[in-house]
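The values are calculated or read from the model by the stated rules, or taken from the named source; none is laboratory data. This one's a predicted model, so the numbers in the text were calculated from it and none came from an experiment. Cβ coordinates were reconstructed from backbone atoms using ideal geometry, including for glycine residues, and neighbour counts include every protein chain displayed.
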Amino acid sequence: MSQEPSREIRAKKGEFMKKILFLKIVFFVVMVVGVLPSWANFLAGEDAYLREDYERALEEWQPLAKSGNAEAQNMLGYMYRYGQGVPQDFEQARLWYRLAADQGHARAQNNLGAMYRQGLGVPQNFEEALRWFRRAAEQGNGGAQNHLGLMYFEGEGTQKDVIQAYKWAYLSAQQGVEQAMLAVDFLEKELRPDQIQEAKRLAREWTPKGEEVTL
């Protein structure tokens, strides 16, 4: 029986796999070429921001934010929140934070939660604040964990729960968040030893869900 048909099939398969590999390489190069300038622009904006050249930072970040870059969107929210290089505008801050938060950006989620908790650019809403703090806290964001602990302690948007308050403050303190460290010291004077033990057990068993993935 002739081996020519099988050789031809193998040859065609080899050519097909080479084409697939080539397309993958082209796709990778296109992605890298597209991402590197954006990242360079973000870093240029960051450098300007740290030098308090807010006008230059805005020039670098605004196009990125409009194209969907979550890091730039979060920083634009921050600049509008505190009036850095732009007139202070809580509504604009909330808008940019929300765009980044919807992409799973943990710091933006924490910042957005703070806007809802304080009623800045939006009616005060503890339930909505709690929701955003929780999403960020579950990703491991220390600031959000501290905020979540505070809301459990105050009973804002949820039932007051001192064990959950200690758990989240403790997790945040482990990341070096100063306010959380102070909160842990305070709570240790307020809670019974068995409550502290239970809260620490919950903290030890907690694991971050990791970064949110958006489709």
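Determine the pairs where a residue that is in contact (Cβ under 8 Å) with a residue 12 or more places away in the chain, located within the stretch 56-74, has a partner that is assigned to a helix (DSSP H, G or I) and of a type in the set (Lys, Arg) with Cβ atoms under 6 Å apart, the partner being 6 or more residues away or on another chain.
Close Cβ pairs (under 6 Å, with a partner that is assigned to a helix (DSSP H, G or I) and of a type in the set (Lys, Arg)) amount to Asn74/Arg107.
I'd like to verify a number: residues in the stretch 179-204 that are surrounded by 17 or more Cβ atoms within 10 Å (Cβ to Cβ) and assigned to a loop (DSSP other than H, G, I, E, B), how many?
Counting residues in the stretch 179-204 that are surrounded by 17 or more Cβ atoms within 10 Å (Cβ to Cβ) and assigned to a loop (DSSP other than H, G, I, E, B) gives 1.
Show the residue pairs meeting these rules: Cβ distance below 7 Å; 6+ apart or different chains; first residue within the stretch 34-55 and more than 17 Å from Gly77 (Cα to Cα) and of a type outside the set (Val, Ile, Thr); second residue surrounded by 12 or more Cβ atoms within 10 Å (Cβ to Cβ) and modelled with pLDDT of 90 or more.
Ser38/Leu64; Ser38/Asn69; Asn41/Glu60; Asn41/Leu64; Ala44/Glu60
When you go through Thr207, Thr158 one by one, which is the residue that is of a type in the set (Ser, Thr, Tyr), surrounded by fewer than 18 Cβ atoms within 10 Å (Cβ to Cβ) and farther than 23 Å from Phe126 by Cα?
Being of a type in the set (Ser, Thr, Tyr), surrounded by fewer than 18 Cβ atoms within 10 Å (Cβ to Cβ) and farther than 23 Å from Phe126 by Cα holds for just one of Thr207, Thr158, which is Thr207.
Exactly one condition in (1) surrounded by fewer than 23 Cβ atoms within 10 Å (Cβ to Cβ); (2) in a helix (DSSP H, G or I) is false for Gln103; which is it?
(2)
With the requirement that a residue be buried (at least 24 other Cβ atoms within 10 Å of the Cβ) and under 16 Å from Ala57 (Cβ atoms), what does the stretch 81-99 give you?
Matches in the stretch 81-99: Ala93, Trp96.
Considering every residue within the stretch 32-54, establish whether at least one is at pLDDT 95 or above, among the hydrophobic types (A, V, I, L, M, F, W, C) and assigned to a helix (DSSP H, G or I).
Checked against the condition, which is being at pLDDT 95 or above, among the hydrophobic types (A, V, I, L, M, F, W, C) and assigned to a helix (DSSP H, G or I), the stretch 32-54 yields at least one hit.
Out of the residues in the stretch 181-215 that are among the small types (Gly, Ala, Ser) and in contact with a Gly (Cβ under 9 Å, 6 or more places away or on another chain), state the one that is modelled with the highest pLDDT.
This residue is Ala183.
Looking at this structure, is Gly176 within 19 Å of Tyr78 (Cβ to Cβ) and either surrounded by fewer than 24 Cβ atoms within 10 Å (Cβ to Cβ) or touching a strand residue (DSSP E or B) at 6+ places or on another chain (Cβ under 7 Å) (or both)?
Spelling it out, it is not the case that Gly176 is within 19 Å of Tyr78 (Cβ to Cβ) and either surrounded by fewer than 24 Cβ atoms within 10 Å (Cβ to Cβ) or touching a strand residue (DSSP E or B) at 6+ places or on another chain (Cβ under 7 Å) (or both).
Could you check how many residues of the stretch 122-145 are touching a residue at least 24 places away in the same chain (Cβ under 8 Å) and crowded, with 20+ Cβ neighbours inside 10 Å?
So the answer is 13.
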